[in-house]
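Contents: one structure, followed by commentary.
Readers should treat all values here as calculations from the given coordinates under stated rules, not as data from a laboratory. Quantities reported herein were computed from a predicted structural model and do not represent experimental measurements. Backbone-built Cβ (ideal geometry, glycine too); neighbour counts: all protein chains shown.
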Amino acid sequence: MTASPQVKLKPGDTIGILGGGQLGRMLAMAAARLGLRCQVFSPDPDSPAFDVVLNATCAEYADVEALELFANDVDVITYEFENVPAATAMVLAARRPVLPAQKILETTQDRLIEKDFVKRLGIGTADYADVSSVESLRAAIAKIGLPAVIKTRRFGYDGKGQAIIRQGDDLAKVWEDLGTRSAILEAFIPFEREISVIAARAADGQVESFDVTENEHRDHILRISRAPAQISEALAAQARGIAEQIATALNYVGVLAVEMFVVQENADQSGSPKVLVNEIAPRVHNSGHWTLDGASVSQFEQHIRAIAGWPLGKPVRHGEVTMTNLIGDDILGYERWLTVPGATVHLYGKGAPKPGRKMGHVTEVTPARK
Ligand code: AMP
């Protein structure tokens, strides 16, 4: 799709990370283990990633001077969130390689462009339609049916910017509440389970995906991930193939996550389960945190290797893995988790717990029997 800049770092070089949350923090920790330094750029003075790096830039993403100084200090730039403003990416990309390439953000920041891209690859998604007014919402419902899910095209996450529409709902109100002029309507998928695949791609085209993860949400926020997903080998191969196909089609360098639904329906003539893509995240992902303790190489290390121009690892899973997010007040129970045999506790060093705020996670690995 788009050529990615060539990068070859050596130990001691510096990676710039846009975004200072827990993902940036865990990326920086993985880089440190490989002898690479990181500099984090974030507008939030309380960024958890600042705690683990020597050099940080606390400035707005629109601060061109700060961006230029940051770019001068680093050898390659990556990001921990997909909503990097286009202007920010442009300023940086003019000075240093940005990986994954800036162009990828245009595809993944907009749900309609992303779904069109996935569809063009011949990969299944929920039926969807572009919606820009109450009238077009009515037309979309006539085409797709109800129940359906309406989502803002941009800036939605953890269930924000979306609503389920059911028979009899007041469409004018639904549209007003969504508060946007660009949305998509998706058919509601009565999924059997939600899964995701974390895949890494190197500049030379090498692709390595992790075993499929099964995800359980609570209030739209990921609560528990389990690897491997309890699905057939054929379905797992299909899911991994889809993520690898997407990474290759994007000419991607780094780690991406593809969230999918497993549906058991007869629409597929064979009547067997099939996979539909819900969303692509052009970054390391919460559903891949299990890889920190549950695999020979983590998603964070894979990302660092990819953007450094180093060979990817061949991830070997250590057993059956469960990752539990500590959300909001869950963090208050961290001492109990510290005493659970076999559990590995990760706390993100955030301030006060707020409802829905991801404060840490715990991994439990049941070793595979030899
Ligand atoms: P998203 O922001 O697209 O990742 O959606 C957040 C969550 O909403 C997903 O993990 C699903 O649990 C649910 N969801 C999203 N889209 C659909 C859909 N088309 N049908 C059923 N559930 C959905």
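Considering only DSSP beta bridges with both partners in the chain, what is the antiparallel share in %, to the nearest 5? List each step's numbers first, then the result.
Numbers: 59 of 74 bridges.
Taking every DSSP beta bridge with both residues in the chain, the antiparallel ones total about 80 percent.
How far, in nm, would the chain grow between Gln6 and Glu65 when pulled straight, counting 0.36 nm per residue and subtracting the alpha carbon separation? Please report the intermediate quantities before stating the final value.
On the way: separation 59, 0.36 × 59 = 21.24 nm, distance 2.52 nm.
Additional length available on full extension: 18.7 nm.
Cross-linked pairs Lys160/Lys354; Lys115/Lys314; Lys160/Lys358: Cα-Cα separations exceed 18 Å for Lys115/Lys314. The slack between Arg138 and Ala249, meaning 0.36 nm per residue of separation minus the straight C-alpha distance, is 36.6 nm.
In units of the compact-protein estimate 2.2 N^0.38 Å, the chain shows a Cα radius of gyration of 0.98. Averaging the Cα positions of each part gives two centres, and for segment 99-130 and segment 272-290 these lie 14 Å apart.
For the pairs Lys119/Lys274; Lys10/Lys350; Lys151/Lys173, flag any whose C-alpha to C-alpha distance is greater than 21 Å. Kindly include the intermediate steps, with their values, before the conclusion.
Numbers: Lys119/Lys274 15 Å; Lys10/Lys350 31 Å; Lys151/Lys173 14 Å.
Flagged as over cut-off: Lys10/Lys350.
Each residue, Leu54 and Leu146, gets one label point 7 Å from its Cα in the Cβ direction; the gap between the two is 6.1 nm.
The loop-placed GluC sites (Glu not before Pro) in segment 31-81, going by DSSP, that have at most 16 neighbouring Cβ atoms within 10 Å of their Cβ come out as Glu60. Computed over the chain with a Gaussian network model linking Cα atoms closer than 10 Å, the most mobile of Thr291, Thr213, Thr57 is Thr57.
Would you mind calculating the gained length between Asp44 and Val340 on full extension (0.36 nm times residue separation, minus the Cα-Cα distance), in nm to one decimal? Don't jump to the answer; show the numbers that get you there.
Numbers: separation 296, 0.36 × 296 = 106.56 nm, distance 3.35 nm.
Going from the current span to full extension adds 103.2 nm.
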